[in-house]
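To start, the structure under review is shown below, and the notes come after it.
Read-outs throughout are calculated quantities, based only on the coordinates presented, and are distinct from any laboratory measurement. None of the values given here were measured: they were computed from a predicted structure. So basically every Cβ, Gly included, is an ideal-geometry build from the backbone, and we count neighbours across all protein chains shown.
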Amino acid sequence: EYLLPIGARYNAGSFTPVQVGDWVWLDFPYISHGQPDTRRPRIIGSAHFCPAGQPNTPHESWAGPESFSHQRTDEEPKPAVAQYHQSSVITQHGITVEYEPPGCYRVTHRATGTAFELNEQGAVLHSEQKNLFSSKTKTKLIAGNQLTINVLAGDATLNVQSGNLSIKAAKNIIFEAGQHFIVRAKKFIEELG
């Protein structure tokens, strides 16, 4: 039996199961024949201990040698250097969730390095694998100053499967091709002025 966190209810709340080999704290809340019933222990928490001098907690929580090394492109802000016992960290089933000072939230898929990060400047980043966006109705991207899309290798495709494609600029529209510039259309209509 577990002593659950506040807010546990049917199909809701927070729950982390123990595994064989975990070190835990127990109490014995049930009474049998006037004595604590040792047949019905209650798990009230995990026990903190340091085998070989290393805490039995995620290494990101104490700047341990097995802390995950996050990848960044040259233009992405680097994560803050981990500090001893400053971050709140949860690692389960290959996923690490970190709350770091001075105000960063990060979810990392450890096998690939893909992470969702909201850093202290309010920037959202970073993916090492596929990055997919999907919506059934409307998707709108607004940049207050500048929007840049760089495809470092391979091709880029903009495909409107039903309807028109409109490109509008308050000033100039510039196309630049390293080789050929190819336009295919059933009909070409030129309107200037």
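Mean separation of Cα pairs under 8 Å and 6+ residues apart, divided by the residue count of the chain: what relative contact order is that in percent?
Relative contact order for the chain comes out at 8 percent.
Going by how many other Cβ atoms sit within 10 Å of their own, how do Asp74, Asp37 line up, fewest first?
Fewest-to-most Cβ neighbours within 10 Å comes out as Asp74, Asp37.
Quick one: Debye curve from the C-alpha atoms of the chain, no solvent, what's log10 I(q)/I(0) at q = 0.08, 0.18 Å⁻¹?
-0.53, -1.42
Along each of its three principal axes, how wide is the spread of alpha-carbon positions in region 57-130, in whole angstrom units, largest first?
Extents along the principal axes, in whole Å: 30, 26, 17.
Quick one: what Rg and Dmax do you get for region 47-98 from the alpha carbons, in Å?
My reading of the Cα-based Rg and Dmax gives 12.5, 42 Å.
Going by the alpha-carbon gyration tensor, a ≥ b ≥ c the square roots of its eigenvalues, is region 101-172 rounded (a/c under 1.5) or, if a/c is not under 1.5, prolate (a/b greater than b/c) versus oblate? Let's see the in-between values first.
On the way: a/c = 2.09, a/b = 1.59, b/c = 1.31.
Verdict is prolate for region 101-172.
Across the chain, how many lysine pairs separated by 8 or more positions, or lying on different chains, have Cα atoms within less than 25 Å?
Pairs that pass both the separation and distance tests number 9.
Just the ratio, please: alpha-carbon radius of gyration of region 1-49 over 2.2 N^0.38 Å, N its number of residues.
My calculation over the Cα atoms of region 1-49 gives 1.32.
Just want the ordering: Thr148, Thr114, from fewest to most Cβ atoms lying within 10 Å of their own Cβ.
Values: Thr148 6, Thr114 16.
Ascending number of Cβ neighbours within 10 Å: Thr148, Thr114.
Relative contact order for region 1-41 using alpha-carbon pairs under 8 Å, separation at least 6, rounded to a whole percent?
Answer for region 1-41 is 28 percent.
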